[in-house]
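The values are calculated or read from the model by the stated rules, or taken from the named source; none is laboratory data. The shown structure was predicted, so the numbers you read here are calculated from the model rather than taken from an experiment. Please note: Cβ atoms are built from the backbone with ideal geometry, for glycine as well, and neighbour counts cover all protein chains shown. Surface accessibility is based on the protein's heavy atoms, side chains included, excluding ligands, DNA and RNA. Shrake-Rupley method; radii C 1.70, N 1.55, O 1.52, S 1.80 Å.
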Amino acid sequence: IAPNATDAGRQENRRVEIRPLGNVNDPQVATPGAYNIAGMDVSQDGRIAVMGHSPTQVWDLERNVVLHEISAGGGHKISPNGRYLASSSGFKRPSGETTYTLFIYDLRTGKLVDYLEDEREIGYFSWSPFSDKIAYMSMQGYIRVYDMAERKITGITRLSTVRGTGAMVWLNSGADLVVKV
């Protein structure tokens, strides 16, 4: 109805969906079998779950089916808009050298959108509130910000000379990060 760039536009676009989830007097099995909940993340609308490692499974929780299997990645984070999945991984080459990578996938198709390699292990990563950027921190203490529209790193800063990473979260404006080092 209105652009989502302003608070007034987002307010005008807001919707509420009410669905019965069940009856406590007549419980039903929600899913047969078992989920591998290692590294699990669930989309904000509760419809998609990502879980497991090598392969990572993308589940449609409403239909209880696996949509995709993604071969690479570990810790998972679904973007706030539910369109992308970020997943970090380390790969040891035959030479003994390890490559660390942040993979970004399109959740609808399961296809790789981009991958960001780093010299050191990628510790924490966080999506901006509008899913237009992702920030990640390596074990060298560098924070890098990747812009989804430009498909490139648009900011780099070093917060620490100590090997390690810290938790990070974007402020609601999407302009600033708060980082624990």
Heavy-atom accessible area of Y124, protein chains in place, probe 1.4 angstrom, given in Å² to nearest 10, is 100
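Only helical DSSP H runs with n ≥ 4 go in: add -39500 (n - 2.57) per run for the chain, normalise by residue count and round the 222 nm mean residue ellipticity to 500 deg cm²/dmol.
-1000 deg cm²/dmol
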Heavy-atom accessible area per residue of the chain, all protein chains kept, 1.4 Å probe, expressed in Å², is 62
Would you list which aspartates and glutamates come within 17 Å of K77, measuring only between C-alpha atoms, while excluding same-chain residues fewer than 8 positions from it? D41, D45, D60, E69, D106, D114, E121, D132, D147
Shape category assigned to the stretch 39-84 from the gyration tensor of Cα positions, a/c cut at 1.5: oblate
Probe 1.4 Å - accessible area at R151, Å² to nearest ten: 100
So if the hydrodynamic radius of the stretch 38-126 is defined as the Kirkwood radius over C-alpha pairs, what does Stokes-Einstein give as its diffusion coefficient at 25 °C and 0.890 mPa s, in µm² per second? 185
Given a 1.4 Å probe and the protein chains all in place, what does the accessible area of K133 round to, in Å² to the nearest 10? 60
Please sort by residue number the GluC sites (Glu not before Pro) in the stretch 35-102 whose DSSP state is loop and whose Cβ has at most 15 other Cβ atoms within 10 Å. E62, E97
About the Cα centre of the stretch 34-107, how large is the charge dipole given +1 on each Lys and Arg Cβ and -1 on each Asp and Glu Cβ? Please answer in debye to the nearest 20. 160
Given axes a ≥ b ≥ c from the Cα gyration tensor, I'd like to know whether the stretch 113-181 is rounded (a/c under 1.5), prolate (a/b larger than b/c) or oblate. oblate
Cα gyration tensor of the stretch 84-125 diagonalised, 5x eigenvalues square-rooted, in angstrom largest first, produces semi-axes 22, 11, 7
Using the Cα centre as the reference, give the magnitude of the dipole from point charges on the C-beta atoms of the chain (Lys, Arg: +1; Asp, Glu: -1; all else neutral), rounded to the nearest 20 debye. 220
Calculate the radius of gyration of the Cα atoms of the chain to one decimal place, then report Dmax, the largest Cα-Cα distance, as a whole number, both in Å. 18.3, 60
